[in-house]
Amino acid sequence: MRTRVQPATLIPPYGDHLVNVCVPVEERDAVTAYANQLPSLQLSARAVCDLELLATGALSPLDRFMGHTDHQRVVEEMRLSCGMFFPMPVILPVDAQPAFHLDCDIALRDAENRLLAVMTLEEIAPWDRRAVAQCVFGTLDSRHPLVAEMHRWGNLQLSGRLQVLQLPTHYDFQELRLTPVQTRAHLATLGQANVVAFQTRHPMYRVHEEMTKRALAEIRGTLLLQPVVGLTRPGDVDHYTRVRAYRALAARYYDPQCTLLALLPLAMRLAGPREALWHALIHRNYGANYFLVERDHAAPEPEANGAPFYSPYAAQALLQRYSTELGVRMMPYRELVYLPDEARYEEADRVPPGTRTASISSAQIREHYFQQGEKLPSWFTRPEVADILAETCPPRYHQGGCIWLTGLSGAGKSTTAEVLTVLLLEHGRQVTLLDGDVVRTHLSKGLGFSKEDRDTNILRMGFVAAEIVRHGGMVICAAVSPYRATLQDVRTMVGPDHFIEVFVDTPLEICEARDTKGMYARARRGELRHFTGIDDPYEAPEHPDIVLDTIHHTPQDNAQRILHELMQRGFVRRPAASTRTSDGIAGCL
Ligand code: ADP
């Protein structure tokens, strides 16, 4: 028998106070007129999310983007300089800006240049990427999406008093967008002392429903369902689909007297255990005093065959340790299994040995149901959710995919890409070929070969590729792509499940001997500077999906090999009556 959970009386050190950095309504017109004269900073999508949380008090006691001292102590000790607990850095990184100097005011704007806030610059300081990667994310590995993303952030952090004029605009699900004050007020009307928060980046399956209902029964309180709708893990089901699924579930399967569905405009860091602490603090500010934590909370997807970044229960353990200080009790997610013979879920450790159980792994969901377009079974997903997922996750062969060929100049990227383009068309897929040399004649015209320009070129190609993929097309990109971290960013932009990195691994001496464009000779004569492989670096990919050998295999062989991989992943349908060789590769007659 489990004992009933006692009402939580934990109070965080700053009490229940929420900071307020919003300009009073009566002063807004005057401050807006003033702000329109100021130098502006356009915020990234991540910074806009952070600003929204700062503005609503969701990050209390933090009332600004962190300055150097706060940041350093948070990174190292999870404390602000005043000693208060705060587990996650929240900084505003920028490149050097000549118009910004200490004590000046600047206007913070969103991507559409809408004015959001005025910031008084009290600090402009460099910050240490490596320390953040190591202490906060526990790794320097650029396969961690945030470690890769941080390479793109500016070298300076800005900090100072904020005067928020308006919250970022959202046109979607407006009735579900509640500030902490509104959420607390709504929770108060439900009249329960205990509130358990739950968030998941997944569409909610039956197992999540079971888990949350059990937690609810245990605390005899209210369930606060707070799906993250800011930035989540690359490759996640988009938030529109997830929120539609949550809304359908909440309407049909939860008691409105003890459930509140509200969206969390949070930009996740995917920092696993540290992130769990941060989420707990945020949920607390929205009014929760319990937090139901799944295994692998806020962890990035490990690459195929890669080790996970965090151990599965590390987040639960860390939250347990800091629960008193945070004012939030940790409720561990207990593993549930489905018993088909009894048509119910049960905790795995209560199931007698030999009992028949059913489960579907995340990998199976992705590969089988999302890729093949099958409907998830009703024991696993409520039919309303399955219908919503089926609408937005068509079979893989109708989804977009990006094949990115990287390698030295002359390695054979364009030649292979041309063959692959034709093969994909032959197999019924629409294809766009983005060849680096061609892209430099229009989209990237005027860019040179400095590291910055090369990165810009690759990110531009990545942006276009991501759009094509989002709209269900296939895109082949052939570009030297000399920097690993930049290519990792592109993988994140496109979505890792839709990105196939192909390393055209032709050694320098072979490329140089081919020298089809005469560039190596010019570079050797010193007529061409910054030529990759000669006097500019090439960082060979560490974990490519496919490695091509162009010495022993023809372009046709190599293109077939990529096609085979695309068939394996479901992006291309196997022809109904193809002849097959013994390894399953469709034979070309
Ligand atoms: P990149 O796009 O990598 O700069 P290209 O495809 O433009 O390289 O040039 C590669 C050159 O190497 C072409 O002239 C091509 O005919 C030749 N080549 C020889 N063998 C191969 C192979 N197996 N795969 C691709 N290209 C090859």
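Just a few scattered comments:
- Counting only lysines at least 8 places from residue 445 when in the same chain, those with an alpha carbon closer than 20 Å to its own are 517.
- Of all DSSP beta bridges in region 216-341, antiparallel share, percent nearest 5: 0
- Dipole in debye (nearest 20) - the chain, about Cα centre, beta carbon charges: Lys, Arg +1; Asp, Glu -1: 960
- For the chain, accessible area per residue (1.4 Å probe, heavy atoms of protein chains only), Å²: 44
- The share of accessible area on region 360-474 that comes from carbon and sulfur is 54 percent, using a 1.4 angstrom probe.
- Within the chain, the percentage of alpha carbon pairs spaced more than 37 angstrom apart rounds to 41%.
- Fraction of antiparallel bridges per DSSP, region 1-141 only, in percent to nearest 5: 65
- Near residue 427, once Lys and Arg are set to +1 and Asp and Glu to -1 for all other residues with Cβ below 10 Å from its Cβ, the sum equals +2.
- Given +1 at the Cβ of Lys and Arg, -1 at the Cβ of Asp and Glu and no other charges, the dipole of region 44-138 around its Cα centre is 240 debye to the nearest 20.
- Antiparallel bridge percentage (DSSP; both residues within the chain; nearest 5): 35
- Considering helices alone, the calculated mean residue ellipticity of the chain at 222 nm is -10000 deg cm²/dmol, with DSSP H runs of length four and up weighted by -39500 (n - 2.57) and normalised per residue.
- With coordinates expressed along the principal axes, the C-alpha atoms belonging to region 41-192 extend over 46, 35, 33 Å, beginning with the largest.
- The apolar share of the surface of region 519-569, taken as the fraction of accessible area on carbon and sulfur atoms (1.4 Å probe, ligands and nucleic acids excluded), comes to 47 percent.
- Percent accessible area from carbon and sulfur atoms, region 115-190, protein chains only, probe 1.4 Å: 53
- Loop GluC sites (Glu not before Pro), region 84-144, which have at most 14 other Cβ atoms in a 10 Å radius of their Cβ (DSSP): 112, 122
The values are calculated or read from the model by the stated rules, or taken from the named source; none is laboratory data. These numbers were taken from a predicted model, which means no experiment stands behind them. As a convention, Cβ positions derive from the backbone with ideal geometry for all residues, glycine included, and neighbour counts pool all protein chains shown. In case anyone asks, the SASA skips ligands and DNA or RNA and just uses the protein heavy atoms, side chains included. Shrake-Rupley method; radii C 1.70, N 1.55, O 1.52, S 1.80 Å.
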